Structures are given as structure tokens and as C-alpha cells.
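Trainee: Sharing a structure below in C-alpha cells format, with a few things to ask.
Every number here is computed from the coordinates shown, using simple stated rules; none is lab data. Because the structure is a prediction, the values reported are computed rather than measured. Cβ placement follows ideal geometry from the backbone for every residue including glycine, while neighbour counts extend to all protein chains displayed.
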Amino acid sequence: MANKPKRKPMAEINVVPYIDVMLVLLVVFMVTAPLLMQGVKVDLPQAPSSPMENKDNEPLIVSVRPDGTYYLNLGGEQKTAKPLKDITDTVAKVLRQKPNTPVLVWGDAKVEYGLVVALMTHLQSAGAPSVGLVTEPSVE
């Protein structure tokens, strides 16, 4: 019997499968990220504005369609029209738990001015310290 030198176990990790999985996940997240910011389709007015600076808290977004229906981007029924009272109650509950949550209004450009003002008044009475208006950046 000849003395064969024992083979030392290899202590390297094959990372190629992990890289493949990582790239697949990257593609999946890139495809789904735009879908997460879906809401009710409204035609936002254009205005010279700057982006929000508070990126820590996810904002509450209340959308107003041209027919005067209201939608809230919270919960499973984001595409279901809700009465203003329900939206005000929900916003008040969220603001009691997280007082620094920004509240934004997505108002369609064709919505009557009175509807947006009434919505903003109700949101401020629900405890929102300030209500922001979402606009499209103007093209110049």
C-alpha cells in the first residue's frame, strides 16, 4: 500500500448561485417598485414645485376624482370610493398613532376648488398639522 497524501477539504464557497438569485431578485424588485406607488388615476395640475424632503414616513394620500369621489391610499380597498367622514376618521386614527405622518392631496386638475378646500379643512380638523398638494412638475 502506497501512502497517498490526504486531500485537504476545500474551504471555499461557490457564490455563483447566490449571484444568480440576487440578480433575479433585483429584476423582480425593479419591476414591482413602480407598481407599489399606484393609486387612483387623477390628472394632476402642473406647478413649479420642489420634491418633499421628509422621506422617513410614508405619507397618507387622499385622491379626489373629477366626479367628487374620495380615495385613501391605506388598507386593501385603495380603489374604492369612500365618504369624507370615513377618510377623516381613518386619518385621525393614523395621526394619533404617528403624528408626524405627512398628509397629501392628489386633486385632479378638473376638480372644483370647493371640494379640495373642503377636503383640506376636514383633514386639518382630523389632526393634520399641514396638508400638502401633489402636483406634476411643470415643463419649461
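Trainee: Listing K85, K79 from the residue with the fewest other Cβ atoms within 10 Å to the one with the most, what is the order? Walk me through the intermediate numbers first.
Mentor: Working: K85 9, K79 12.
With the sparsest Cβ surroundings first, the list reads K85, K79.
Trainee: Provide D89, D108 in ascending order of the number of other Cβ atoms located within 10 Å of each residue's Cβ, fewest first. Before the final figure, lay out the partial values.
Mentor: Numbers: D89 13, D108 20.
Lowest count first: D89, D108.
Trainee: Related question: Relative contact order for the range 46-137 using alpha-carbon pairs under 8 Å, separation at least 6, rounded to a whole percent?
Mentor: Taking the mean separation of contacting Cα pairs over the length of the range 46-137, I get 36 percent.
Trainee: Sticking with this one: Within a 10 angstrom radius of the beta carbon, how do V103, V94, V16 rank from fewest other beta carbons to most?
Mentor: Arranged by neighbour count, lowest to highest, V103, V94, V16 become V16, V94, V103.
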